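Asker: The structure is given below, and queries will be raised subsequently.
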Amino acid sequence: MVPEGLDPWGTVKIKDYDRLVSVFGIQSFRPLKIELARRGLPLSLHMRRDLIFGHRDLDRVMAALERGEKVAVLTGFMPSGRFHFGHKLTVDQLIYYQQELGMKVFVALADAEAYAVRRIPRKKAVEIALNEYVASMIALGLDPEKTEFYFQTNRGTPYYRLMQLFSGKVTTSEFEAVYGDINPAKVVASLTQAADILHVQLDEYGGYKWVIVPVGADQDPHIRLTRDLADRLSGEVELNKPAATYHKLIRGLDGGKMSSSRPDFTLFLSDEPSLARRKLMAALTGGRATAEEQRRLGGVPEKCTVYDLYLFGLVKSDQELRKLYDDCRSGRMLCGQCKRIAWGLLEELLRDFQERLVQARELAWKVVDIPRF
Ligand code: TRP
Ligand code: SF4
């Protein structure tokens, strides 16, 4: 039996998510989710499981979609490090919008940002962007024929014209709010990201007036700045405010941050299966000190990084997820057994993905225009 008030969607409790909703004016996703389901729209796994916890103006864009207007979804990745399960979360959402709702997808490869903010050499950024990010997205099932991947440093004049116009409409203290302490590199990166989000509204890029930007909550300062810039350009360039959705961030296998800079606690999709297995077996769980205690009290999936993997998509069926949750809480299932189940699923995912990755890497270099220097 599941105790009152607990549910399999309720994990990854970070108080800050509530704070973002209450303090920064992000709208809570739950009421909209109910409304969208009522209107018969298919919900993504991340929506159903409350991994999307907030949004700005998604209701307006969905209404436009229902009126038959064209809608695009756009996000961006900084080509630094390797593609891991945190990135997969965003890509799965892009695939949902592409396959289920027929939206146009744009992906910004943020090589300008990687160069300016992370000091990644230009050539290296291009290689990482294609071999790691674009290839992984294709291997996961994003259709390269219906997706426009582009390098920031390779975009055309109208995109750069927007950046120049933005520069006259923003103050130093607004940049500080986005980046803490600022320098020219961060200012440029910030304006570049605003251009990413807004330029697809221009006729030159398809005239997509309705745009959804799925991001982690850490990107909200950029979204706020971009939405303000859209307003401030009124009279010169007519731009709609973009919509955004905010997802929770998957934790690393020790309960800390999942990040390329912490490889021991981060599952990369290109990990050698034997290595991935070792990481998984060492993962922090919500298990008790002894088997006896766990049978008596049950485990705590909310604390468990293995459960996080299930929740974030390793288990696709909501029913199966619910069963794992109940079996953990009731003490029927112990962590050793549970990790074997997780490994079975993970191994299949990795093998399938890595098989596709070989071809996807070749394709990646063909479907994206490569900056000349
Ligand atoms: N700044 C983002 C990151 O650090 C990457 C990014 C660049 C982006 N352009 C974007 C994200 C446009 C969303 C929309 O990951
Ligand atoms: Fe985590 Fe599974 Fe252990 Fe529950 S039984 S705490 S879900 S590893």
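Asker: Hey, rough spin-label estimate for Glu204 and Asp218, points 7 angstrom out along Cα→Cβ, what's it come to in nanometres?
Answerer: Going from the Glu204 label point to the Asp218 one covers 3.2 nm.
Asker: How far is it, in nm, from the label point at Ser173 to the one at Val367 when both lie 7 Å from their Cα along the line to the Cβ?
Answerer: Each label point lies 7 Å from its Cα, and together they span 4.5 nm.
Asker: Also, quick follow-up: Would you mind checking which residues have amide H under 5 Å from Gln201's amide H? H placed 1.01 Å from N; only 5 or more apart, or other chain.
Answerer: Amide H neighbours of Gln201, under 5 Å, 5+ apart: Tyr208.
Asker: Follow-up question, since we're still on this one. Where both partners of a DSSP beta bridge lie in the chain, what percent of those bridges are antiparallel, to the nearest 5?
Answerer: 30
Asker: Dipole magnitude of segment 32-84 about its Cα centre, charges +1 at Lys/Arg Cβ and -1 at Asp/Glu Cβ only, in debye to the nearest 20?
Answerer: Taking the Cα centre of segment 32-84 as origin, the dipole is about 120 debye.
Asker: Return the long-range amide H neighbours of Phe149 (sequence gap of 5 or more, or a different chain), with a cut-off of under 5 Å between placed amide H atoms.
Answerer: Amide H neighbours of Phe149, under 5 Å, 5+ apart: Val107.
Asker: Hey, which of these cross-link pairs are over 29 Å Cα-Cα: Lys186/Lys209; Lys169/Lys257; Lys124/Lys366; Lys33/Lys339; Lys303/Lys323; Lys88/Lys123?
Answerer: In this structure, Lys169/Lys257; Lys33/Lys339 exceed 29 Å between Cα atoms.
Asker: Between Arg30 and Val237, what is 0.36 nm times their sequence separation minus the Cα-Cα distance? Round to one decimal in nm.
Answerer: Full-extension gain reported as 71.1 nm.
Asker: Using the Karplus equation 6.51 cos²θ - 1.76 cosθ + 1.60 (θ = phi - 60°), what ³J(HN,Hα) coupling, rounded to whole Hz, does each residue of segment 122-139 give in order, writing x for Gly and Pro?
Answerer: Result, ordered by residue: 4, 5, 4, 4, 5, 4, 5, 4, 7, 5, 9, 7, 4, 4, 5, 5, 5, 4 Hz.
Asker: Okay, next question. Just want to confirm a number: the relative contact order over the chain, from Cα pairs under 8 angstrom separated by 6+ residues, in percent.
Answerer: On the way: 553 pairs, mean separation 80.1, N = 373.
Value for the chain: 21 percent.
Asker: What full-extension length gain, to one decimal in nm, is calculated for Thr290 and Arg39 as 0.36 nm per residue of separation minus the Cα-Cα distance? Could you put the intermediate results ahead of the total?
Answerer: Numbers: separation 251, 0.36 × 251 = 90.36 nm, distance 4.80 nm.
Stretched fully, the Thr290-Arg39 segment lengthens by 85.6 nm.
Asker: Rounded to whole Hz and in sequence order, give me ³J(HN,Hα) for segment 250-258 from the Karplus expression 6.51 cos²θ - 1.76 cosθ + 1.60, θ = phi - 60°, writing x for Gly and Pro.
Answerer: Calculated HN-Hα couplings, in order: 5, 7, x, 6, 9, x, x, 6, 8 Hz.
Asker: What is the calculated FRET efficiency for Glu66 to Lys146, with r their C-beta to C-beta distance and R₀ = 25 Å, to the nearest 0.05?
Answerer: Once the sixth-power term is evaluated, E becomes 0.75.
Asker: Reachable aspartates and glutamates from Lys241, Cα under 15 Å, same-chain residues fewer than 8 places away excluded?
Answerer: Within reach: Asp57, Asp59, Asp196, Asp220, Asp228, Asp231.
Asker: Oh, and also: In whole percent, how big is the carbon plus sulfur part of the accessible area of the chain, probe 1.4 Å, protein atoms only?
Answerer: 51
Asker: If amide hydrogens are placed 1.01 Å from N in the peptide plane, which non-local residues have theirs closer than 5 Å to the one on Gly216?
Answerer: Here the answer is His247, since their amide H atoms fall under 5 Å of that of Gly216.
Asker: Ordered by residue, what ³J(HN,Hα) values in Hz, to whole numbers, does segment 200-211 give under the Karplus form 6.51 cos²θ - 1.76 cosθ + 1.60, where θ = phi - 60° and Gly and Pro are x?
Answerer: Going residue by residue, I get 5, 7, 6, 4, 4, 10, x, x, 7, 6, 10, 10 Hz, with x marking Gly and Pro.
Asker: May I ask you to give the solvent-accessible area per residue for the chain, in square angstrom, as obtained with a 1.4 angstrom probe?
Answerer: Values: 16950 Å² over 373 residues.
Using a 1.4 Å probe on heavy atoms only, each residue of the chain averages 45 Å².
Asker: In addition: Mind pulling the angle between the C-alpha long axis of helix 15-24 and the longest principal axis of the chain? Nearest 10 degrees, somewhere in 0 to 90.
Answerer: Helix 15-24 and the main axis of the chain meet at about 30 degrees.
Asker: Can you give the FRET efficiency for Leu165 and Glu347, using 1/(1 + (r/R0)^6), R0 = 35 Å, r = Cβ-Cβ distance, to the nearest 0.05? Don't skip to the answer; put the middle values down first.
Answerer: Values: r = 51 Å, r/R0 = 1.45.
In this case the efficiency is close to 0.10.
The values are calculated or read from the model by the stated rules, or taken from the named source; none is laboratory data. Bear in mind that the values here come from a model prediction, so they are computed numbers and not experimental data. Virtual Cβ from ideal backbone geometry, glycine too; neighbours counted across all protein chains shown. The protein model used for the area step is the full one, side chains on, heavy atoms only, and it has no ligands, DNA or RNA in it. Shrake-Rupley method; radii C 1.70, N 1.55, O 1.52, S 1.80 Å.
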